[in-house]
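Take a look at the following structure, please.
Any read-out appearing in this document is the output of simple, stated calculations on the displayed coordinates, not a laboratory observation. This structure is a prediction, so every number in the text was calculated from the model and none was measured. Ideal geometry is used to build each Cβ from the backbone, glycine not excepted, and the neighbour counts take in all protein chains shown.
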Amino acid sequence: MGFDNYKGTEVAESGQETYTADKQFSAVDEELQPSLNSVLSSIDYELCEKHPLEHTWTLWHWQSDRKKCWEEMLSNVTSFNTVEDFFSVHYFIKPPSDLKAFNDYMVFKHDIRPMWEDAKNRKGGRWIFFLNRESKELVDNMWHDLLLCTLGESFEYPFQICGAVVNVRNKAAKISLWTKDSLNQHAILAIGRKIKEVLQLCEGQLQYQVHSDAMIHTGPNCNALYKL
């Protein structure tokens, strides 16, 4: 057999070229590969850290059940103390507009139970307003904005704030902010004016009810101590 068509040298030379090219590509990869220190230095750790709230808050859910007493219908859903955890909870659960009638959400400071009988609620009251249940987007937005003001310490007297409640009923939704001391007129009116301003409520739409009165007279029969 002759050697005229022998390709051994070409193959050897081609292999050498391939090996050299691989080394060149490897060198380029190493240059493009960022060092661990450069990666770590480029991370914005402030974006990784959670932003703490001033207080720990608890989300409660109440659902009417004629077979149970009121407290048995009340469920402690979860607690949170950072902005990120609040939004995780808020956007995970159903909005108020999707709840069936006679369901409530309550968001209260962790050491306060959402009931009139609690020691920190007993001498207090609530700013309350009513919305047509058919206005679903409005109900959800109002509840969302009131929570942001409450958790974000936007009120002039945050130590007076106990919690916020949305009650879903057949024809209307009631949204309220509970305060600690119904006798502190200056604080109550300052909080009420802030609610009216932020939520852009109509004149006379917002009213303040004392819990001791609300326990006796419910709904429209309850006397309003203040109206804004």
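Taking the Cβ of each residue in 78, 58, 150 as the centre, tally the other Cβ atoms inside 10 Å and list the residues starting with the fewest.
Ordered from fewest to most neighbouring Cβ atoms within 10 Å, 78, 58, 150 come out as 78, 58, 150.
Using Cβ contacts closer than 10 Å as the measure, can you line up 62, 70, 178 from fewest to most?
Lowest to highest Cβ neighbour count: 70, 62, 178.
Here's a follow-up. If you rank 202, 149 by fewest surrounding Cβ atoms within 10 Å, what's the result?
Fewest-to-most Cβ neighbours within 10 Å comes out as 202, 149.
Would you kindly derive the ³J(HN,Hα) couplings of the range 106-117 from the backbone phi angles with the Karplus curve 6.51 cos²θ - 1.76 cosθ + 1.60 (θ = phi - 60°), listing them in order in whole Hz, with x for Gly and Pro?
10, 10, 10, 4, 4, 9, 10, 7, x, 8, 4, 6
I would also like to ask the following. Tell me which residues come under 5 Å, amide H to amide H, from residue 102 once H is placed; ignore anything under 5 positions away on its chain.
Correct list: 168, 169, 170.
Tell me, what ³J(HN,Hα) does each residue in the range 52-62 have, in order and in whole Hz, if you take phi through Karplus 6.51 cos²θ - 1.76 cosθ + 1.60 with θ = phi - 60° and put x for Gly and Pro?
Per-residue couplings from phi come out as x, 8, 5, 10, 8, 10, 10, 8, 10, 10, 10 Hz.
Next question, about the same structure. Could you pull out every residue, at least 5 positions away or on a different chain, whose amide H is within less than 5 Å of the one on residue 181? Hs are placed 1.01 Å off N in the peptide plane, and Pro or chain starts have none.
125
Follow-up question, since we're still on this one. Of 67/100; 136/180; 174/196, which sit over 24 Å apart, Cα to Cα?
Distance filter (> 24 Å) returns 136/180.
Report the FRET efficiency, 1/(1 + (r/R0)^6), for residue 75 and residue 212, where r is their Cβ-Cβ distance and R0 is 25 Å, rounded to 0.05.
Computed FRET efficiency for residue 75 and residue 212: 0.45.
What FRET efficiency would be calculated for the residue pair residue 115, residue 203, taking the C-beta separation as r and a Förster radius of 35 Å, to the nearest 0.05? Please report the intermediate quantities before stating the final value.
Working: r = 31 Å, r/R0 = 0.89.
Once the sixth-power term is evaluated, E becomes 0.65.
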